[in-house]
Every structure is written in structure tokens, then in C-alpha cells.
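Peer 1: Sending over a structure as C-alpha cells; questions will come in a sec.
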Amino acid sequence: MEAQLLKGFEEWLNKRYRMNTTRGIVGNTENFIYWCEQENIAAEKTSYAELLSFVQHCGDNGNVKRTVNQKISSLKQFFNYLIVLKKRDENPASELRIKNQTQSIPINTLKHEELENLYTHYPANGIVGKRNKCVIGLLVYQGINTAELQALEVKDLKLEEGKIYIPSVSRSNDRILKLEAQQIVTLQNYLLQIRPILIAAHEKITDKLFTSYGGGSRLSNSFVKMLNQVRIVNPKIKDLKQIRASVIAHWYKIHNTRQVQYMAGHRYVSSTERYRTDKLESLQEQLEKIHPIQ
């Protein structure tokens, strides 16, 4: 019975997550089911108290808080699946999370003026440069991440409304964000003139908004080359994640936490609170005292 249940669970997950993510969730769930068997507990009917016993078991076996939280997150998906199957009415793991987990805090964020300067001065030379200019705009103004960039489709762009729909990926929620005026003309030109050339170059058939200039479909190499050009404009930029972190930190100065959570696509408000400006500035001050810039 468990084997059939896990197979259906895996198929359900595959529609929502990448293969590696699905494997991790299924693996954690298998470990949980094995523990239930040892404890003579029916996994499908696990109570909140029994779930706490499992958490205690994980801690007793040397699992750190981050690992335990990952297992809890996997079980949330498992119980959600059981609800879909109408095998349960509620999710016993929905409010369960180990507190005081240490999270990395983003540092070396860029000022809003630096972000805008990056978009303004990024050279839109040639076909690839014009495509990358659109990508930079979405990084700088919508704080989009690379997984979301690759998931975007043409239909997600709502130029007449001045908005863009950002689809959900493995670690983020979907949302609709406003486009800045300076982006709209650039994106429209990309759609009408640049993208058709990229598609025709290798006779591709795709609904993806962005595509590589080569024969492949993934943009990983394109992002690496684009980052090299970004560093010419601003040598302080280490990676594309730094740009997203800077955007979210800026949003925190003008919006409340829940608004920032929505705009960033964070599934948990704790992820958003990492970007609170006062935390970032305090940490930066501490770093400068320990490692002053010469």
C-alpha cells in the first residue's frame, strides 16, 4: 500500500517541482513512513503529537534544525497530498516549524541608485545585448530570480496592462508585478523584433519568453556571460542573487513585510524578514568593525 501511495505522491510532486526536489521530498517521506512502521503508527493517520515524536526522534539522531525543518517541509507536502486524495481533512504539519534556525543574512546589498544605474548603462548591443537588457530590467525592478526567468512564457507578459505574471517555481509563489515605464518599450521591441530572430536562428519551437541564441533551451551559459558584462558596469556585483537581495532590501524601505513577501514570492514570511534594512545595516556595521576596509 505504501509503495503505491508513494508512487502516486511522486507523480503528484513531479508536476510541481524539479526532479531533484521531488527525490528529496520522497526520500524524507520514505524515512518518515519507515519510522511510523517501527512505532506501529499509521502514517496516513499521524496526529500532531505523533509528528512531534518524530521530530524528537530526528533530533535524537543528530539532525540539525535545518535538516529537521526540511523533513517537516517534505511531510507538509505528503499530508497535502493525502488531503487531495481525501484521506485526511487537515494537515498536522501545517503549523510545525523548528524555531531559532540560523539563516544567512544577505550583505553587501546595492543601493537603489546603483541598481537603476546598472539598468541604464547596461549595453544593449546586438541581439543578445537587447535580450539581456530586458532580463536586467526584470532583475532590477521586479527582483526576479533565474529559475523564474527561465519559467517565464510570452503569455506572462501583459504589456497593455503594464504588468508581468511571474509563475511559481520550486521555491517561490506566483505573483503579478507592475512593470516600470522604461521597461515596457524595451520589452515590446524584444517581443516584436529580437525574440523572433532568436527563435528563427535555430528553428526553435518554444513559448518561453527568453531563449538562448544557441541551439540549447537553457539560459545558464547566457546568465554567466551576462554577469561578466554586469561586472563591467558595476564591479561590486558578485552574482545575480546579490541584485535580487538588493531589490528586496530596497522594497523593505517603502513597503510593509507582507507586501514585500508577496512581491518577492516568498512562501514564508521568515524568508522575507531576513532582508529587513535595520538587520542588514547592523550586520554591516559589525563586519566593518571586525574587518575594516583599508
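Peer 1: Checking the structure you have, find out if any residue of region 185-203 is surrounded by fewer than 13 Cβ atoms within 10 Å (Cβ to Cβ) and within 27 Å of HIS255 (Cβ to Cβ).
Peer 2: The answer is yes, given that some residue of region 185-203 is surrounded by fewer than 13 Cβ atoms within 10 Å (Cβ to Cβ) and within 27 Å of HIS255 (Cβ to Cβ).
Peer 1: Additional query: Which condition from (1) at pLDDT below 90; (2) assigned to a helix (DSSP H, G or I); (3) surrounded by fewer than 17 Cβ atoms within 10 Å (Cβ to Cβ) is the one that CYS36 breaks?
Peer 2: Only one criterion is unmet by CYS36, namely (3).
Peer 1: Could you give me the residue pairs with C-beta distances under 8 Å whose first residue belongs to region 108-126 and is over 14 Å from LYS238 (Cα atoms), whose second residue is among the aromatic types (Phe, Trp, Tyr) wherever it lies, and which are 6+ apart or on separate chains?
Peer 2: So the pair list comes out as TYR119/TYR141.
Peer 1: If you don't mind, another one. In region 190-222, which residues are modelled with pLDDT under 90, out of contact with any Phe, Trp or Tyr (no Cβ under 7 Å at 6 or more places or on another chain) and in a helix (DSSP H, G or I)?
Peer 2: ILE199, ALA200, SER220, ASN221, SER222
Peer 1: Shifting gears a bit: Could you please find all residues in region 253-267 being among the small types (Gly, Ala, Ser) and in a helix (DSSP H, G or I)?
Peer 2: Residue satisfying the conditions is ALA264 alone.
Peer 1: For region 40-87, name all the residues that are in a loop (DSSP other than H, G, I, E, B) and either surrounded by fewer than 17 Cβ atoms within 10 Å (Cβ to Cβ) or under 29 Å from the mean Cα position of the chain (by Cα) (or both).
Peer 2: ASN40, ALA42, SER47, ASN61, GLY62, ASN63, VAL64, LEU85, LYS86, LYS87, listed by residue number.
Peer 1: Just give me the residues in region 139-149 being in a helix (DSSP H, G or I) and either under 16 Å from HIS112 (Cβ atoms) or touching a Phe, Trp or Tyr at 6+ places or on another chain (Cβ under 7 Å) (or both), in sequence order. Even if it seems obvious, please write down each step before you answer.
Peer 2: Within region 139-149, the subset in a helix (DSSP H, G or I) is 139-142, 146-149.
Matches in region 139-149: LEU139, VAL140, TYR141, GLN142, THR146, LEU149.
Peer 1: All but one of (1) aliphatic (A, V, I, L, M); (2) in a helix (DSSP H, G or I); (3) out of contact with any helix residue (DSSP H, G or I) (no Cβ under 6 Å at 6 or more places or on another chain) hold for LEU187; state the number of the condition that does not hold.
Peer 2: LEU187 satisfies all of (1) aliphatic (A, V, I, L, M); (2) in a helix (DSSP H, G or I); (3) out of contact with any helix residue (DSSP H, G or I) (no Cβ under 6 Å at 6 or more places or on another chain) except (3).
The values are calculated or read from the model by the stated rules, or taken from the named source; none is laboratory data. Worth saying up front: this structure is predicted, and the values here are computed from it rather than measured. Cβ: placed from backbone, ideal geometry, glycine included. Neighbour counts: every protein chain shown.
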